[in-house]
Structure formats: structure tokens, C-alpha cells
1. If we keep just the residues of segment 32-83 that are more than 18 Å from C145 (Cβ to Cβ) and without any contact (Cβ under 8 Å) to a residue 12 or more places away in the chain, which is surrounded by the most Cβ atoms within 10 Å (Cβ to Cβ)?
2. Give the number of residues within segment 162-207 that are farther than 17 Å from R42 by Cβ and touching a residue at least 24 places away in the same chain (Cβ under 8 Å).
3. In segment 141-154, how many are closer than 17 Å to C97 by Cβ and surrounded by fewer than 21 Cβ atoms within 10 Å (Cβ to Cβ)?
Amino acid sequence: MIEKQMHSETADMSIDDAVLVERCRRGDTEAMGRLILKYQDRIYNTILKMCANADDAAELTQETFVKVIESIERFAGRSSFYTWAFRIAVNLTLNHCQRSRRVGYWSLDAESDDYEGQAPVQLKGVLSDENSPDPAVVAQNKELCRIVGKALARLDDDHRMVIVLRDVEGMNYAQIAEVLKVELGTVKSRLSRARGNLREVLERMLP
């Protein structure tokens, strides 16, 4: 994977993506470096929640940016660079999952269903309250992430991806529709089904 870099105090991350893209087209490698620095961690974390394996996530992140670099001159600007780059990452990840079937936030074989501390109690409280945030949103500490991650691994690819993009990455419906190349209504209905399925899986998993 492209090595994770510390955010440089001298890097002006407020520069508009469109400006950086235009500089990239003129062969400005520093501009491409800024785009990579801006988005690599977010793309890596999204891929990691889909593909089960940190090494695979690192490789797919690197492959994403290789494709970004190769395709930047053909980027028409009809969407934002952000959603365009995520669409490349999503397509690569879904193809990887379909090929390998090694899907999930963690390997299901490597993790037991023994949970520690108050995490199961917290999640039960979330599941019992229809007005509470969705489980993927409230999974903040390590144990909660582990439990919700294992539940996400039991969803199909489409449902897992829409939850990750909405509840973890924080994309709005229009951005998700752009990334997944589906209608806005499809995003809403798919997310509703995915959240319902996630809750059902968690209810079966918790003691």
C-alpha cells in the first residue's frame, strides 16, 4: 500500500479538488500526491470494512490510486473527484469479494462470539429502541466495532456496501447513488433493507 503519511502542516488541503485534478492533468505530481493524501485513509477504511483482510485492503487501496493516476486524464468532471475515486475503489472491492468470497470486516473463522464488557448491553439497548441510531453508527469503541463488523460480514455485498458508505463513511444518498451507479430510490430502499438485516443478524448474535 502507498505508505500512510502524516498530514503535513505545509500541505494546503483546502485547495479545491477540481484545481488539483486540473494540475494533475498537466503532469503535476505534487497535486496528485495531495489528492492521495486527502483520500487514501478514507478509501482504505471503507475497503477494509468490505474485504475481510487488512493486506487485501492495502493492496486494493494501492490499486485504486494506480487506476486513478492512469485514468485522471479521462476524468470528465461530471461527478466530484471524491465520488469518482470511491466508485473505482468500490468496483475493485466488489470484484475482489466476488472472486475470493473472503468477505467481512474480520475473518469469521478467526473470531469467536465471546464478547467483552458492556458492548453487548449497549447494542441490545440500541436494538430495542426504534428511535436509536443504527448500530453501524454507534459502533465507536473497539468491542462494539468488532461485534458490528462481524454482523456486517454476514450481509451480502450490496447491503454491506451501502451501510458502510452511509453509516460509516457518511455519504449522503446522492453521493451513494453516484458511487454505486443506481437510482436514488434504490439507495434508500437498499439501505432500509440492509439496516433491517443488520439488526436481525445482531439480535441472533448477541447472548
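1. Once the filter is applied, the top-ranked residue is G33.
2. 16
3. Total meeting the criteria: 3.
Readers should treat all values here as calculations from the given coordinates under stated rules, not as data from a laboratory. Keep in mind that what you see is a predicted model, and the values were worked out from it rather than measured. Every residue, glycine among them, receives a Cβ derived from its backbone with ideal geometry; neighbour counts consider all protein chains shown.
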